[in-house]
Structure formats: C-alpha cells, structure tokens
1. Look through B:Leu36, B:Leu32, B:Leu65, B:Leu21 and report the one residue that is at negative phi and at the interface with another protein chain (Cβ under 7 Å from one of its Cβ atoms).
2. Restricting to region A:480-496, count the residues that are under 27 Å from the mean Cα position of the chain (by Cα) and buried (at least 17 other Cβ atoms within 10 Å of the Cβ).
3. One residue is enough: does region A:426-444 have a residue meeting the conditions assigned to a helix (DSSP H, G or I), at the interface with chain B (Cβ under 10 Å from one of its Cβ atoms), of a type in the set (Gly, Ala, Ser) and more than 22 Å from A:Ala90 (Cβ to Cβ)?
4. Kindly state which helices (runs of 4 or more DSSP H) lie completely within region A:15-124 and contain at least 3 residues that are crowded, with 17+ Cβ neighbours inside 10 Å.
5. Evaluate the following for A:Pro275: is it under 25 Å from A:Ala197 (Cβ atoms), out of contact with any strand residue (DSSP E or B) (no Cβ under 6 Å at 6 or more places or on another chain) and not in a helix (DSSP H, G or I)?
6. Counting residues that are closer than 30 Å to B:Asp86 by Cα and within 11 Å of chain B (Cβ to nearest Cβ), which helices (runs of 4 or more DSSP H) fully inside region A:360-411 reach at least 1?
7. So in region B:136-153, with the set limited to residues that are at pLDDT below 95 and out of contact with any Pro (no Cβ under 6 Å at 6 or more places or on another chain), which one is farthest from B:Ser181 (Cα to Cα)?
Amino acid sequence: MSQSHSFDKSYLEDGTGFKSWFFTHDHKRLGVMYLWAIGIFFILAAIASFLIRFEHLTPGQTIVDAQTYNVLFTLHGAVMVFLFIVPGVAASFGNFLIPLMIGARDVIFPKLNLYSFWVYCAGAIIFLIALAAPADTGWTFYTPYSIDTGANVILVTFGVFVLGFSSILTGINFIVSIHKLRAPGLTWDRLPLFCWAAYATSLLQVLATPVVGITLLLLIGERYFGLGFFDPAKGGDPVLFQHFFWFYSHPAVYIMILPAMGIISEVIPVFSRKPIFGYKAIAYSSLAIALISFLVWGHHMFVSGQSKLINIIFSVITFAVAVPTAIKVFNWLWTMYKGSIELSAAMLYSLAFIFLFTIGGLTGLFLGALAADVHLHDTYFVVAHMHYVMIGGTVFGLFSAIHFWYPKMWGKMFDEFKAKIAFVLIFIGFNIVFFPQFILGTLGMPRRYFNYSPEFATLHQISTYGTWILGIGFIIMLYALLRPISNKAEANPYKSASLEWAMPSPPPTLNFEKIPTLTASTYDYGTKLEQEA
Amino acid sequence: MNWLPTSASTFAPEVDFVLWLVTIISVVSCILIGFLLIYFVIKYKKKSDNDQTPAITHDSFLETLWTVIPTILCIVIFIYGYVYYDRYTTIPENAYEINVTAKKWIWTFDYPNGKKTLGELYVPANKPIRLVMTSEDVLHSFFVPAFRVKQDVIGNRYTFINFTATKEGEFVVYCTEYCGSSHSNMLAKVHVLPELEYLKWESGESAKTSKIASDMPLDQIGKQLYSDKGCVACHSLDGAAGVGPSWKGLYNAKRVFTDGTSAAADENYLKESILYPGEKMVEGYGPVMPSYKGLLDDAEITALIEYIKTLK
C-alpha cells in the first residue's frame, strides 16, 4: 500500500501482489483493473450471445429450450449493459487518462475512486450470485412481468442499484478533477476532447443514475411488499415503470457512446497529423447531446400507449439530437482532409467507428419517424440499430483505445500485423451478424423470439455464421494483445502532442515529476497557414 | 430480395413511403461518407515522417453546410413520420369496433354482435376497423406486419389500433412485447374477408369460414385447430413439458391431480379439460388455461380429441 514517491519506477512495478492492487489509490491501476473487469464481463456476455445466435440456426429448438433462451438474452443484455458498457470506457480509460491528460498526479478524490471500484466489485458479485436463479425479464425489467415472474429479479436489480453508486461516485470524481486539477495553461478550450466527452458523460452519470436506482428500489418493493405502483392488478401503471426506466436508460446510451466519441477525437488527429477539425463544435456538441439526451426517453415508448401529443414531442426532440451527432461525424472526417494518414490498428478501429456509427445513427432516423417506428418497434431492426451503435460505436471505440494507449498502459508493443488481421475479421464478422437483422426487422421479425417462422431462416443463419467470424476475430485480437512483441515501448511512439505521452511508458505512479504548464493546444499538428490561423 | 412484407392496409403504403425515403437518404449519406473515408485514406496516405500537413481547424462554409443539410433532412423525415402517424391514430368515422383481449399466450376477439373468436380475427375488407385492446396479465403487443400496425396491450386500461385492410387473405399477428416462455408462440391470424362474406360469417350463416373442408378426416381437422386456436402456445407435440402438458402420449395416460386423485385421460376427461380447464388440475401445472366453452363447438372438440389420439 506504500506509495513510492520516486519517479524512476513505473506504476506497474510500484508494488506487487494482491494488496498493492486492491488497495491502491492510483488512478492508473484502478483504470487497468476496471479494464480487466469489463473485459471479463464482455467475454461472459459475448458467450451468451453466441449461444443465442446458435439457437437461431434453426426455427424452433436448436440447442436450448424457450426458458433457457429467455434467461440467455436477459443475461447477455444485463451483463453487457450494467457490467460492461456503462462503466466501460469511462471507468477504464477515463480513470487511466483523465489525470494524465489534464496534467494531474491523480484524480481529486483518490480514496473515493478506490471505493467506487469496490462498490463496482460488490455489485458485480451480487450479479454473479443472482445467476444461481437467473432472471428471465430481459435487461429492461418491464413490469408487470418482472413482478409476476418466478425468477430472481430482486437480486439482479439490487446488483444494478449497487453498481449505480459506483457510476455516480466516479462521475463526481471526474467532474471535480476536471474543474480543479487542470495544469496551468490548460484552459477549457485546450482541454483534450476525450476529457470533454468524459465530463459530459459524468454529468449524465451523476444526474440520471439516481433515477434508475429509485426505480429499481420501487420494483423490489413491488415484489417484496406488494406495493403496486406498477402493477395493473393493484391499480398501478406499468407504463410508469417504462418512463422511469428510460429516463435513466436513454441518457445511459450516451454514457456508453460519448467516451468512445472522445477516443475517436484523440486517435484521428494523431494518425492524420492534423489538428482536430472543429474543436469547439465537437466539445459543445458533447454537452448538447448530453443535455438533449435527457429529453428523448419517450422515443422508446412510441407504441407503449402514451399519448399521441407526447409521442410527437419526443419525435421532434429525437431528431434534434441527430444533428449534433451528424456534425461530429463530418468533423472527424474532415480532420483527415490533406492529412498524412497512417493506418495503424487503432486508426482502423476509429475509421470503422465512423462508418458503423453512421449506419447506427442513420437507422435511428427510421425509428425516430413516428409512422415508421410503429412498424419497426420491437423488431430485429431495433436490435440491429442498437448493436451498430453499441458495438460499431462503443466497442470499436474501446478497441481503438486499447490499441492506441497499449504502449502507454503496459510499456509494451503488440504485433500490428496480427491486430490488423483481427480487425478485418471483426469488421466483416460484425456486419454479417447485424446487417441481415435490419432486413429481418423490416420484414417484421419480432425481437426476443425463441421460435420464428421458417421464412426468416436464411437471414437468421447468415447472422449466426457471422458470429463465428466475429468470434475468431476476437480471439486473434486477444492473442495479439496478450503476446506483445516488445517489452520496451518508447515514451511517445505515435508522436502525439497530448500530455499523457510526455512521460515514460508506462508512467511513474505520480505521473508528473513537475506539473507541466501548457502553452499550446493538445492538437498541435501541421503547419499553420496564414489565412487559416 | 424482398425487404418489406405484403402491403395489405391503407397505412402500409404510407409507412413504406417513409421507409423508402429514409433508406434513400441513408444510402446516399453512407456512400458519401464511406467514399470520402476511403478516398482520404488513399489520397492522403502517409509517405514519410516528414509529411507536411496544413493546420486547418475551421471552415465556416463546410460547417454551415453540414449543419443545415442534416437539419433540413431531419425536418422532412419528421414531418412525413408525423403526418402519416397522425392519420393512423385519428379515430375513423363509422369505425367497426372489435375488442381484443390478450392473455398469456392467446388472443381473444369479441365482435359487436356477441360473436367471439380465439386466435383468429375476422375483419371485412375496405372498412375502417378499430381494435379496443386490453390485457388480463402482463404486457403484450399486437403487431400485424402486413398492416404495418403495432400497439402495446396493457392491463387495467385500453389501447387502440385503427386500420383499413385493403387486401383479402390471411395475415400473421405477432406478440411483440416480451411476455414469457411462450412469447414467440403467441401468434394469431387476421382473416380479411370481402364485406358480404364477412357479414355472412358474422351472422353465423357460413359456419365454417376457415379452410377446413368438410370432407377432411377428423384428426386432420383437429391438427388444423391445434395451431389455429392457440393450443400450440402451451402444449407441445414432442413430449416436452411446456406451460401445459404435452399432447404426446396423452390419450389414456394416467393423470395425477393436485387434490391427490387420479384418472385416465380418456375422451370425457379431455373434453372436460377443454371446456372447464380449472376443474381437474394436473400436478405441476398452473391454472392458466382459458375455458374454450363457446369457442369450440362439439364437432371441433371431437376433432381435437381425435387428433390427440393420434399423437402416440
């Protein structure tokens, strides 16, 4: 637990053994532990999804029965959302990078940061215990099904409730750190865009998470004490639960995607040797997206029975959130214009992000348009749309980050060639899995269906074959990352202008021997032209 | 390859128009972005570490362009989505109302003249229909892909669907709100009949509108009823226990009831269980089956029993 104040030892070498990690206050070690944790849960939930897809190889029963299938998609969704993607990039790379990027020795409340991690572990353990009698409600826990079912809903929702605290505390830590710990000269308009994104994410975590916490407590009260807020048999309103749930879970979509957008904004300038195009537009659109995201939850409920007027209002606001998103995509694209583009593995994942996220965003327009949503709601179209945003967006962003900051995090270099092969397989596999699901959806195939009519069999089979390519891609990527080809990484192998690269790889425990003073933007690439300056 | 189901209501072509509109916008945008991405990667490929790059950070013209164009497109899509949705949700004049009740995992339909059907909805073509729907248990959702209509069905209150069928025929109904282990078997059929034929059906003149021919063997009629009347949702044919007991080997098998007594599943037991399912509960199953009294006539019950006899 002793914290070395020397700067000649890296944070990885500064203490060994379980205690030196589990009681550490070091934001980098916490970030690394979150990364391992979300990685393990990603693999667990991915295995569930492979089983789901395998089940759909034939109509009717293929490998599991209907009840097991329902448990599998609940497990897949709940673990992916609450244990992987919500903490996800923010907890892992947010922790690792924010102090380095703002020129600080740690986050502002290091003990609270450790506590957040423990709370995450506690929530995860409760989740795993709940697997003994797994829930079959879907990750959305819609009432009154979640009140009636015999499965163990209380333990899972309690796990989510506990995880919420981890999210809130991490958010507070990041917000205060970014306000109070920026190095001299690091003004708001020089702040790296990843920090802007993490800041917007943290706002959402702090403001939205309490709502889902309270909602899930009410649900536990329904089951345990028979309260009746959401139970129509007792005069309650099941749609109220959906309002509460999506009031959190829609902003949560942006908790998942904003940090990934931050990563893209860091990676593309470095490998294009260009300043980020439209810095202010990207920074402010992060905030705009965060704010508007609080006002669009009703678009998950266009056919839920809420009033027509409400539907129309939510549709308008939903289209309003599409515009700042489109602006970001064009800004990233134009950052590459007249650049010197190097296709590293990290850059490939970022470019794939732009393309796949564009598809994810555009298919959102179908669902935002009221008349079209009536047809597409709760079909495979939604499943495909959501996975294009969450995998094509967030997961590709995370993979980009894992490759980009790999030298900084581990002080090692991986084999770019193997990583690129993995990328190609993951990109192709992903599209084979999910593109056919758009067509399944427009044809009317409902989601969460164990059984399906034989006319859908071909598209389901193509989708299932895609998971095998995707799986092989994941395995090769893991192999490339776990078998580094060099144990010595330069301080700044990609010649980035950002602060985290201005120190040895891996960084010493306290990061900066002397707190730096900034005189230029973190995107200081290229030659300034007279007329552009 | 077809990417849309049959279009069989007045609302369907309107939905399809919006789907086409957004598809065209999406495909054009994707091609544009994908093309620029690949073009830039090739054209501005790194040549050496000393490549000179211009520090471009802004371009007011471009930034205005890619703010204004998406905004306009979004407004256009919203308006079409809204106008057609408005038309779909407006209560039609002289609408013919049918009550729909959802229950795990069966749809029941009540017609104005007191007629009642299970798992099969009969409607006249080219006449505005209004479904008044409620649920007896968890959430369900009534979805007819051919009509492009969908609406959640909720307990303790009513929700509505308006449509006018334009094509005669038989169309599938899905439940699209997850409702438990037989969710994906909670199907129904909509039969769209010419108005005259519908009136005949409604007044009971043509007793059998379904495609069951009178010269079919009884067990074949039973087989048809098994899927048409919703038995399929709960009773398997392969011996697997579902929500209800499997029909495989059921005939004359010994049944042990919750009160400890037992009996053989003979013809009279099967008939009683179809009409009064709560009377003799087999151990291990809950009282979830609705009574089919008034929904199946004696001949149909006999046909079902004959079908069960064939499942050895």
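1. After ruling out the rest, the residue left standing is B:Leu36.
2. 6
3. yes
4. Fully inside region A:15-124 and qualifying: A:27-55, A:66-78, A:95-102.
5. The answer is yes for A:Pro275.
6. A:370-376, A:380-389
7. The residue in question is B:Glu136.
For (1) in the same structural domain as B:Lys150 (by TED's automatic domain parsing); (2) under 29 Å from A:Leu343 (Cα atoms), each residue gets a yes or a no:
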| site | (1), (2) |
| --- | --- |
| B:Cys30 | no, yes |
| B:Ile38 | no, yes |
| B:Asp49 | no, yes |
| B:Thr57 | no, yes |
| B:Val83 | no, no |
| B:Val100 | yes, no |
| B:Thr108 | yes, no |
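The values are calculated or read from the model by the stated rules, or taken from the named source; none is laboratory data. Just so it is clear, the structure is predicted and the values come from calculations on it, not from any experiment. Quick reminder, even Gly has a Cβ in these numbers, built from the backbone with ideal geometry, and neighbours come from all protein chains shown.
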